[in-house]
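Trainee: Questions regarding the structure given below will be posed in turn.
The values are calculated or read from the model by the stated rules, or taken from the named source; none is laboratory data. Just so it is clear, the structure is predicted and the values come from calculations on it, not from any experiment. Every residue, glycine among them, receives a Cβ derived from its backbone with ideal geometry; neighbour counts consider all protein chains shown.
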Amino acid sequence: MKLLTIDAPRGGRPGALSAKGEIIDLLKVDAGEGLGNWLPDTVRGILDAGAEGLDMVRRLVDRIDNASGAEADRIAASGALLPFGDTPLLAPIPEPRLILSEGRNYGKHLAEMGGEQPTATPTAFIKLQSSLTGSGKPIYVPPQYPDQIDYEGEFTIVIGRNCHRVSEEDALDYIAGYTIVNDVSARDWIPEYRAATDKIDICIGWERNIMGKNLPSFSPCGPVITTADEIPDPHDLQLTTRLNGEVMQSTKTDDLVHNVPQMVSYYSQWYLLQPGDLITTGSPAGVGVGRNPPVFMKDGDLIEVEIERIGTLSNRLEAQV
């Protein structure tokens, strides 16, 4: 099952994809079905309801997929079915409580960044909810840092239930599904960071790295969440990033240094992970700053991140006034 959030007033409306690829406005299709007082009005709310919430949505999707005759006509008349390509979307979960972004987690990416060594444990920084945007929305070029904007297509974990101090063996049971995040980065900090020798200057340079990933619209996410039952092996997916149609990143998720259960288990030792929280799993090789010469994005460019079984996250850069 694929879940999404339709761009609509008051924070959006929860949706799902039908077998035909149409968007189902879940709140509209539910009208008159006796579930209106129960069905949460956000995707995060559906995840908060646990397995019961997902099962209820799955039954609604199945009903639409199997509808015929008068029932199909009633559903069509309700306005519950929307064309996927023409419907504006927000991030699938516009209001996650926590976004953790793993770094240094693809072997080939470490190699392209100067042969850096993998860390013994996962390492992540926090991204802000205010940096989120949906597929089809613009990535705004910040006037203060317009010249070194990089892409990082990332396979992303969506937490499905409260998760704290869980084992690697149990970690997959806490995952609701998977989505895509483009960890867009303003790379202006790199020369200063690489030239630093004092510990404080190194910390300041790294802090600028994190701030350069948290500008508004610098975390495009979506277009959908694919539930975990449709991705039995998260380490066997093809990820492809295209800039203006040219392939820039192409890898399988089996190149992860720390795998999905290791990441979820490790972070849960520190954080209380909650339904709807996101963990991006790191960028594969092929980022713009790792190329010779570097390749950065600019106003008008189209950046697409496609992951097998999930879909394509697509955004165009737009100069910010």
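Trainee: Restricting to the stretch 76-92, and then to whatever is part of a loop (DSSP other than H, G, I, E, B) and modelled with pLDDT under 95, can you tell me which residue is surrounded by the fewest Cβ atoms within 10 Å (Cβ to Cβ)? Explain how you work it out, then say what you get.
Mentor: Looking only at the stretch 76-92, we keep the residues that are part of a loop (DSSP other than H, G, I, E, B), and these are 78-80, 83, 87-88, 91-92.
Narrowing the set further to residues that are modelled with pLDDT under 95 leaves 78-80.
On the way: Ser78: 14, Gly79: 11, Ala80: 22.
Among those residues, the one meeting the criterion is Gly79.
Trainee: Conditions: (1) closer than 22 Å to Ala228 by Cβ; (2) more than 19 Å from the chain's Cα centre (by Cα); (3) aromatic (Phe, Trp, Tyr). Phe155 meets all but one. Number of the miss?
Mentor: It fails just one condition, (2).
Trainee: Please specify each residue of the stretch 221-246 satisfying the condition of being of a type in the set (S, T, N, Q) and surrounded by fewer than 19 Cβ atoms within 10 Å (Cβ to Cβ).
Mentor: Correct list: Gln238, Thr240, Asn244.
Trainee: Would you confirm whether any residue within the stretch 296-317 is part of a strand (DSSP E or B), among the acidic types (Asp, Glu) and touching a Pro at 6+ places or on another chain (Cβ under 6 Å)?
Mentor: No - not one qualifying residue is present in the stretch 296-317.
Trainee: Out of Glu112, Glu95, I need the residue that is within 21 Å of Phe155 (Cα to Cα), charged (D, E, K, R) and modelled with pLDDT of 95 or more. Which one?
Mentor: Glu95
Trainee: Kindly establish whether Leu60 is touching an Asp or Glu at 6+ places or on another chain (Cβ under 7 Å), at pLDDT below 95 and either part of a loop (DSSP other than H, G, I, E, B) or not assigned by TED's automatic domain parsing to the domain that holds Phe125 (or both).
Mentor: yes
Trainee: If a residue must be part of a strand (DSSP E or B) and over 20 Å from the mean Cα position of the chain (by Cα), how many such residues does the stretch 243-295 contain? Quick ask: steps written out before the conclusion?
Mentor: Here is the first cut: in the stretch 243-295, the residues part of a strand (DSSP E or B) are 243, 246-252, 256, 273, 278-280.
Applying the additional criterion that residues be over 20 Å from the mean Cα position of the chain (by Cα) yields 246.
The qualifying residues number 1.
Trainee: Take Trp189 and decide whether it is in the same structural domain as Lys298 (by TED's automatic domain parsing), touching a Lys or Arg at 6+ places or on another chain (Cβ under 7 Å) and not charged (D, E, K, R).
Mentor: yes
Trainee: Looking at (1) in contact with a helix residue (DSSP H, G or I) (Cβ under 8 Å, 6 or more places away or on another chain); (2) surrounded by fewer than 18 Cβ atoms within 10 Å (Cβ to Cβ); (3) hydrophobic (A, V, I, L, M, F, W, C), which is the one condition that is false for Ile210?
Mentor: The failed condition is (1).
Trainee: Going through Gln269, Gln249 one at a time, which residue ends up being assigned by TED's automatic domain parsing to the domain that holds Arg161, surrounded by fewer than 19 Cβ atoms within 10 Å (Cβ to Cβ) and not hydroxyl-bearing (Ser, Thr, Tyr)?
Mentor: On inspection, the qualifying residue turns out to be Gln269.
Trainee: Regarding the stretch 82-103, can at least one residue be identified that is on the phi > 0 side of the Ramachandran plot, out of contact with any Lys or Arg (no Cβ under 6 Å at 6 or more places or on another chain), assigned by TED's automatic domain parsing to the domain that holds Pro294 and basic (Lys, Arg)?
Mentor: Looking through the stretch 82-103, none of the residues is on the phi > 0 side of the Ramachandran plot, out of contact with any Lys or Arg (no Cβ under 6 Å at 6 or more places or on another chain), assigned by TED's automatic domain parsing to the domain that holds Pro294 and basic (Lys, Arg).
Trainee: Moving to a separate point now. For the stretch 56-74, which positions are in contact with a helix residue (DSSP H, G or I) (Cβ under 7 Å, 6 or more places away or on another chain) and surrounded by 18 or more Cβ atoms within 10 Å (Cβ to Cβ)?
Mentor: Val57, Leu60, Ile64, listed by residue number.
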